[in-house]
Every structure is written in C-alpha cells, then in structure tokens.
Amino acid sequence: MEERRKEQRLSWTGKIKIEDVKTRKVISTDSRLRNITKHGFGFVTEDHLARGAEYIFTMVLATTSLSVTAKIAHFHIEATYYVCGAKIESLSLMERSRMNHFLASKSSELQRKFLMLSVVTGVALAGAAKLFGASVTISVAVLFAAAVVSFLLLPF
C-alpha cells in the first residue's frame, strides 16, 4: 500500500470515451482524463457513473489509444461535473505495453527502471542459453532479443 502511495501520478489531459461493459452502449465521448498510473486513472465527466460499476474506457495518450476495463472507485461532484477515480481491472498485454511506453515517456525515473528490467531480463536469458551449451553468438543474440521483447511487453 505504501508503494502505491509513492507511485508517480502523471497528469495528462485527453478525451475519454466511456462504454457500458455489458451492452457496449456509449455513455460519454467527452470525458477528460486528469491523471494516470499503472493501477488507475482520474477523470472528469458530466455523466453520472455508478460507484463500483465496470466500464470500458478508451483514451488517447499522446500518439496511441488505450482501451481498458476499469471500475469506478470513487467520485464527487464539483459544480456541474463529476470528478472520478477508476481502478484498472483488465488490460491486454498490448494495452499494457502501450501504457508502459506512455508512462515511461513522461518520467525519466520510469525510463531507467524500464530499461534496467529489460537489460536484466536479457542478461538472465542469455546466461541461461549459455548454460545450456549455446555459442557466444547465440547467447548475445538471445540477450538482445530478450531485452527488446521485454522492453516492449514487460510491465513495471
């Protein structure tokens, strides 16, 4: 819990489309993202959303779009709109990769962490390949391939 509080929350303003998870009926197309982390995000909307309900949120983050299933964790009313917080419930591997790259692009600390995890994964797999009798050339190839794949897919 302590770690989640320390987690850097990135501010970002972008449009969000909100859909009902069961019917896929569009509830809102003009909600605004306020901040985002790997666990959830904050946004504002003029539409009343039920606390605890799951929705599909499609948002544009810089040059990529992200579609997640999230549950409304809290909300409060300010003037004529709702300020909401949502906890991410479901995220595909490709969506996780897009989110990781967006978050890393906004934080040098996350970039370093992401790069270190990628290199460590590559070194570990290259060492394992060498232990199983692979040549140095194959081990180096495994190192680079594993580092690239983990950079693209590894959640931090």
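The values are calculated or read from the model by the stated rules, or taken from the named source; none is laboratory data. Predicted, not measured: the structure shown is a model, and the values here were computed from it. Heads up, the Cβs are rebuilt from the backbone with ideal geometry, glycines too, and the neighbour counts pull from every protein chain shown. Ligands, DNA and RNA are stripped out before the accessible areas are found, and what is left, the full protein with its side chains, is counted by its heavy atoms. Shrake-Rupley method; radii C 1.70, N 1.55, O 1.52, S 1.80 Å.
Quick notes on this structure:
- Residue list for the range 51-79, restricted to those being in a loop (DSSP other than H, G, I, E, B) and either charged (D, E, K, R) or modelled with pLDDT of 90 or more (or both): Arg51, Gly52, Ala53
- Looking across the range 100-122, the residues that are open to solvent by 40 Å² or more (accessible area, probe 1.4 Å) and in contact (Cβ under 8 Å) with a residue 24 or more places away in the chain come down to His101, Ser105, Lys106, Glu109, Lys113, Leu115, Leu117, Val119, Thr121.
- Cβ pairs under 7 Å, 6+ apart, first in the range 8-25 and farther than 15 Å from Thr45 by Cα and at pLDDT below 55, second surrounded by 13 or more Cβ atoms within 10 Å (Cβ to Cβ) and among the basic types (Lys, Arg): Leu10/Lys106; Ser11/Arg34
- Test: Ala50 is at positive phi and either surrounded by 15 or more Cβ atoms within 10 Å (Cβ to Cβ) or aliphatic (A, V, I, L, M) (or both): no
- Of all residues in the range 29-41, those satisfying the criterion of being within 18 Å of Glu78 (Cα to Cα) and touching a Ser or Thr at 6+ places or on another chain (Cβ under 9 Å) are Asp30, Ser31, Arg32, Leu33, Arg34, Asn35.
- Taking the criterion of being under 18 Å from Lys106 (Cα atoms) and touching a Lys or Arg at 6+ places or on another chain (Cβ under 6 Å), the residues of the range 33-47 that qualify are Asn35, Thr37, Gly40, Gly42.
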